[in-house]
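Contents: one structure, followed by commentary.
Just so it is clear, none of the values below were taken in a lab; they were calculated from the coordinates. All of these numbers come straight from a predicted model, not from anything done at the bench. Here the Cβ positions follow ideal geometry from the backbone for every residue, glycine too, while neighbour counts run over all protein chains shown.
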Amino acid sequence: MKIPPLDLKRSNQPYTKGILQRFEKIMEENSFILGPEVKELEKRFRKEYDVPHAIGVNSGTDALLLALKAAGIEPGDEVITPTFTFIATADVVIRLGAKPVFVDIDKRTCNIDPDFIEEKITSKTKAILPVHLYGLPCDMTRIKEIARKHNLVIVEDCAQAQGATWQGKPVGTLGDFGAFSFYPTKNLGGLGDGGMILTTHEQEADKIRKMRDHGRSEGYTFPLIGYNSRLSSFQAAGLNEKMNHFPGMLKERQDIAAYYKKRLQNIEEICFQEIPPQATHSYNQFAITTKQRDALKQHLAEHGIGSLIYYPEPLHFQKCFSFLDNKKGDFPVSEQICREVLNLPLFVGLGESEMSYIIDTVKDFFRQVH
Ligand SMILES: Cc1ncc(COP(=O)(O)O)c(C=O)c1O
């Protein structure tokens, strides 16, 4: 059997007809930029998340960038963020002239370790940028306490976590800003790039709405310098169609993860992300950690099963961040997880016989090792 790590064709196929109907309407209306589909998507996010402002932008990266910019992050400021994340989380900070200050992760959750945050706070710290990695919420109770104590803004990186909750509240509504990605592999995956910012802050929302469109207030009036970060109507159309089915897609992800965990729980050499009682996990990724990661990956490949390593290196190892002067050993947990993490296939449409074959193949591997 051959199983890819991800099969977007399978995941999107059931929605193709509905999406194409929406596309035809856009063509008839010539409503290509910030048209009714974008307005509909923003309205749905406002309702779904019970927030006053939802602003569609053209990627998750821009969602982070515009949220930080609206929060007033300026050159010289410091933003606290984990080193075990996708590059976009930290590169946006640098694009604003500010400095990402890396923090190690908690081995149990793979999320930023709140115990290490306060020691990194200086007079220049302006924000905390937690990442709900793989779909598991960070400890937002502790992070909010720290932010309140030191008067810091929180921008949540929800790129991988749409549908996850902390104490019953959806991620993206716990901090000052929530930044979502609609990159095709995400939980609400688009047909290209897209992103969304949620916030309760009126003035900042107004600023973001202007900044995504060159700083425009109306017509040819530009009170601000902005960007071209408008969400395409075609993307919004795909997302609106898929959003109708989001609860089912989320449940499917959670069911696949539950199956994997049930059948792998007795293998001592494997660890899973520990889910705190306050959290629900939205499983954009199913990550295991094991000392035999590379050999297991090889074994799966030999049996036709694709797997991924998210992420092979922490950000402080990347050349583009070398000027930050972090060195090997500074964030030992992140470094260890990069050596041990393996992401098993998890996508909407993954069949039961495939799941069972994946588990049997993992089990075979550990039987052989013993
Ligand atoms: C944790 C994290 N942050 C930010 C991003 C950036 O989102 P996008 O690819 O939509 O720009 C991603 C997506 O790849 C991500 O996984």
- request: Mind telling me which of Q167, Q235, Q265 comes out most flexible in a GNM of the chain, alpha-carbon contacts under 10 Å?
  value: Q265
- line: Karplus-derived 3J(HN,Hα) from phi for the stretch 359-367 (6.51 cos²θ - 1.76 cosθ + 1.60, θ = phi - 60°), whole Hz, x at Gly and Pro, runs 5, 4, 5, 5, 4, 3, 4, 6, 5
message: How much of the DSSP bridge set in the stretch 8-243 is antiparallel, in percent, rounded to the nearest 5?
response: 55 percent
- request: Please go through the residue pairs K2/K291; K251/K319; K124/K169; K99/K144 and name each one whose alpha carbons sit more than 28 Å apart in this structure.
  value: K251/K319; K124/K169
- prompt: How about the stretch 242-294: which trypsin sites (Lys or Arg not before Pro) there lie in a loop by DSSP and see at most 15 other Cβ atoms within 10 Å?
  reply: K291
Cα gyration tensor category, rounded, prolate or oblate, for the chain with a/c compared to 1.5: oblate
- request: State to the nearest 20 debye the size of the charge dipole of the stretch 246-369 about its Cα centre, where the only charges are +1 on K and R beta carbons and -1 on D and E beta carbons.
  value: 80 debye
- prompt: So for the pair T16, Q167, with labels modelled 7 Å out along Cα→Cβ, what separation do we get in nm?
  reply: 4.6 nm
field: Lys, Arg +1 and Asp, Glu -1 on Cβ, resulting dipole of the chain about Cα centre, debye, nearest 20
entry: 300 debye
- request: Put one equal scatterer on each alpha carbon of the stretch 246-369, apply the Debye formula with no solvent term, and list log10 I(q)/I(0) at q = 0.13, 0.21 1/Å to two decimals.
  value: -0.60, -1.23
- request: Before anything else, pin down the relative contact order of the stretch 31-182: Cα pairs under 8 Å, at least 6 apart, normalised by residue count, whole percent.
  value: 21 percent
query: Using θ = phi - 60° and the Karplus curve 6.51 cos²θ - 1.76 cosθ + 1.60, what whole-Hz ³J(HN,Hα) does each residue of the stretch 47-62 get, with Gly and Pro shown as x?
result: 5, 4, 9, 6, 10, x, 9, 9, 10, x, 9, 8, 6, x, 4, 5
task: With unit charges on the beta carbon (Lys/Arg positive, Asp/Glu negative), name the residue among N12, V57, L68 whose Cα is farthest towards the positive pole of the charge dipole of the chain.
output: N12
query: For D360 and Q298, what is the calculated FRET efficiency with R₀ set at 25 Å and r taken between the beta-carbons, to the nearest 0.05?
result: 0.90
